[in-house]
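The values are calculated or read from the model by the stated rules, or taken from the named source; none is laboratory data. None of these values were measured; they are calculated from a predicted model. No Cβ is skipped: glycine too gets one built from the backbone with ideal geometry, and neighbour counts run over all protein chains shown.
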Amino acid sequence: METPGSQSSLHRANLERVVRAVRLAGSLTQAEIARTTGLSAATVSNIVRELKDGGTVEVTPTSAGGRRARSVSLSGDAGIVIGVDFGHTHLRVAIGNLAHQVLAEEAEPLDVDASADQGFDRAEQLVNRLIAATGVDRTKVAGVGLGVPGPIDVESGTLGSTAILPGWGGTKPAEELRERLGVPVHVDNDANLGALGELVWGSGKGVRDLAYIKVASGVGAGLVIDGKIYRGPGGTAGEIGHITLDESGPVCRCGNRGCLETFAAARYVLPLLQPGHGPDLTMEGVVRLARDGDPGCRRVIADVGRHIGSGVANLCNLLNPSRVVLGGDLAEAGELVLGPIRESVGRYAIPSAARQLSVLPGALGGRAEVLGALALALSEMGDSTLLEGAVPAAAPAFT
């Protein structure tokens, strides 16, 4: 029997620390594991050998700083995670393993007027289709990450009122999907998942503090503080779209006037250009035309960038992130939008905060949220089940 403070208990804790570090990072060298966990190099070496012998991790030769090293990742068949992302016009699903390899991914159009039940039915069907196509063992599914474009109440798991998915307000997305799939489901809003995706796989890799700004039908931000998503006690942290820019401005869907969203979100921006460009104009089309030199589209994108920059400046003054990552279709505009954002940050942010900030486009495009859903599922799963049967109960103790 293990007792608190015993050698076997300490050993088990160290095993779980190593597995957790590798699980969250995807792969690490043994030196990086030592730095991340605070364990000695000798302890890490012994634990990695034990985990490798038990089939929990795989070790491959690599290099770090020009020197030979060994890269450690979880075994490809140790478990499966699933990401589901509900967007304004789409449903996207991805299946990955614990080594951060995406095994399959597919997206299909989603009618935003469809009921929540229809949406969850479609998600279940797409998940089942991808599982069948990849041939993965369904019993290996450790969990599902779910993204929705609206605020999630932390305590109840209820989706708040949203104009983006009408009729979905008051539902409990994680509970609904868990009943259909029979595995743990963890839910978050799309901006937070975009931040997670870029943090693990994209433009935020390697930083501990960042803000992911998503501009689509609304404007939201996912905040990463010390390597973790910050949600706030009610789960509504990051609602940058409702920073007031003009108290006499347009009425926002939240009931206030002149919110950032009323100057930057697609539903407010597109009508400015549709008289001359047609009623079917999309934000993707605006970006494409701007890159081709259309003066009206360039002007609108620059104005949107300056407004977003004002909101980013407020974030800099409050939280002092080291990086801001711009997501959504607008990120494809590149310097046409990033330049004005930086200009406003330089004008309105505290100089020391502005100097430390880098503003980059997202590297993952429309995949950021579904990959963030995979990262959410990876971060929420426990490590003890990965060690069951892989490590002998009477394993030697390493400190």
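Within segment 317-334, does at least one residue satisfy the condition of being in a helix (DSSP H, G or I) and in contact with a Gly (Cβ under 6 Å, 6 or more places away or on another chain)? Checked segment 317-334: at least one residue is in a helix (DSSP H, G or I) and in contact with a Gly (Cβ under 6 Å, 6 or more places away or on another chain). Regarding GLY293, is this residue modelled with pLDDT of 95 or more, exposed (fewer than 15 other Cβ atoms within 10 Å of the Cβ) and outside any helix (DSSP H, G or I)? Judged against the criteria, GLY293 is a match. Pairs linking a residue in segment 107-129 that is on the phi < 0 side of the Ramachandran plot and surrounded by 14 or more Cβ atoms within 10 Å (Cβ to Cβ) to a residue that is among the basic types (Lys, Arg) and not in a strand (DSSP E or B), with Cβ atoms under 6 Å and 6 or more positions apart or on different chains, are GLU124/ARG180. Out of (1) surrounded by 22 or more Cβ atoms within 10 Å (Cβ to Cβ); (2) part of a strand (DSSP E or B); (3) aliphatic (A, V, I, L, M), what's the single condition that is false for ALA104? Among (1) surrounded by 22 or more Cβ atoms within 10 Å (Cβ to Cβ); (2) part of a strand (DSSP E or B); (3) aliphatic (A, V, I, L, M), the lone unmet condition for ALA104 is (1). Looking at segment 81-96, can you tell me whether even one residue there is at pLDDT 90 or above and charged (D, E, K, R)? Looking for residues that are at pLDDT 90 or above and charged (D, E, K, R), one finds at least one in segment 81-96, hence yes. The residues on offer are GLY309, GLY305, and the sole one that is touching an Asp or Glu at 6+ places or on another chain (Cβ under 7 Å), crowded, with 18+ Cβ neighbours inside 10 Å and assigned to a helix (DSSP H, G or I) is GLY309.
Only one entry in ALA25, ALA34 is under 28 Å from the mean Cα position of the chain (by Cα), more than 30 Å from PRO184 (Cα to Cα) and crowded, with 16+ Cβ neighbours inside 10 Å, namely ALA34.
The rows are residues; the columns are (1) more than 28 Å from VAL207 (Cβ to Cβ); (2) touching a helix residue (DSSP H, G or I) at 6+ places or on another chain (Cβ under 9 Å); (3) without any contact (Cβ under 8 Å) to a residue 40 or more places away in the chain; (4) not β-branched (Val, Ile, Thr).
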residue	(1), (2), (3), (4)
LEU10	yes, no, no, yes
ASN14	no, yes, no, yes
SER40	no, yes, yes, yes
ARG67	no, no, yes, yes
SER73	no, yes, no, yes
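All of ALA349, ALA331, ALA354 fail the test of being in contact with a Cys (Cβ under 9 Å, 6 or more places away or on another chain) and at pLDDT below 95, apart from ALA354.
Close Cβ contacts (under 8 Å, 6 or more residues apart or on different chains) running from residues in segment 133-151 that are outside the structural domain of PRO184 (by TED's automatic domain parsing) to residues that are loosely packed, with under 13 Cβ neighbours inside 10 Å and at pLDDT 90 or above are absent.
Inside segment 177-216, residues that are surrounded by 23 or more Cβ atoms within 10 Å (Cβ to Cβ) and not hydrophobic (A, V, I, L, M, F, W, C) make up a count of 12.
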